[in-house]
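Student: My questions all concern the structure below.
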Amino acid sequence: MGALTELALASSADEKRAEINKMRRETLTRLYKVHPEAQAAIQKAAGYAVFSNVGINLILLSAAGGSGVAHNNKTGKDVYMKMVSGGFGFGLGVKDFRGVFVFASPDKLDFFINQGWEASAQVDAAAKSGNKGDALAGAITVAPGVTLYQLTESGLALQATIQGTKYFKDSDLNAP
């Protein structure tokens with residue numbers, strides 16, 4: 001069963017947090033194998049965020065949803081978050097991927113947690129199923145002081161979209 005399926009079936013807040021933490025560990029382990037330099041970058045950073053995301057592209061519309069956690073390296077505090085996105089453009093397919101944001105400064109991390117907006121133009125091609133296939137998995141700078149690593153889990157997608165994504169705190173998983 002995949003991480004997103006397990007998360008969807010988790011009934012309590014504790015179970016959902018446990019599934020997100022499991023996804024984080026698995027994603028970081030895989031990231032460090034694919035990009036060993038990412039481990040030092042994350043350790044030196046003010047913080048990082050790891051998200052699991054499934055995107056669907058249907059001709060002119062794209063949509064995605066997922067969940068994750070932002071971690072403050074100085075305080076050790078985790079903030080559980082959700083993400084949703086939608087866009088317009090040419091696309092066809094379904095893609096399951098993981099995103100790891102690395103924040104160079106505390107203000108970049110705080111802004112992401114409390115504001116969470118990202119707007120992007122995206123051109124992407126991915127073909128992967130289990131251990132078969134390949135996808136580009138590199139780091140890109142998405143804003144000054146913010147780097148993103150994207151790892152494709154599975155799926156087949158061809159897309160060129162203008163996409164808006166909102167990351168926000170999950171009120172069900174964070175203590176008041």
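Student: Inside the range 88-122, can you point out the residues that are modelled with pLDDT of 65 or more, buried (at least 19 other Cβ atoms within 10 Å of the Cβ) and small (Gly, Ala, Ser)?
Tutor: 99
Student: Which numbered condition in (1) within 14 Å of residue 148 (Cα to Cα); (2) over 17 Å from the mean Cα position of the chain (by Cα); (3) at pLDDT 95 or above is the only one that residue 37 fails?
Tutor: Failed condition: (3).
Student: Just need a number here: residues in the range 16-45 that are hydrophobic (A, V, I, L, M, F, W, C) and either over 24 Å from residue 174 (Cα atoms) or free of Cβ contacts under 8 Å to residues at least 12 places away in the same chain (or both).
Tutor: Counting residues in the range 16-45 that are hydrophobic (A, V, I, L, M, F, W, C) and either over 24 Å from residue 174 (Cα atoms) or free of Cβ contacts under 8 Å to residues at least 12 places away in the same chain (or both) gives 6.
The values are calculated or read from the model by the stated rules, or taken from the named source; none is laboratory data. Model, not experiment: these values are computed from the prediction. A quick note on method: Cβ atoms are made from the backbone with ideal geometry, for glycine too, and the neighbour counts reach across all protein chains shown.
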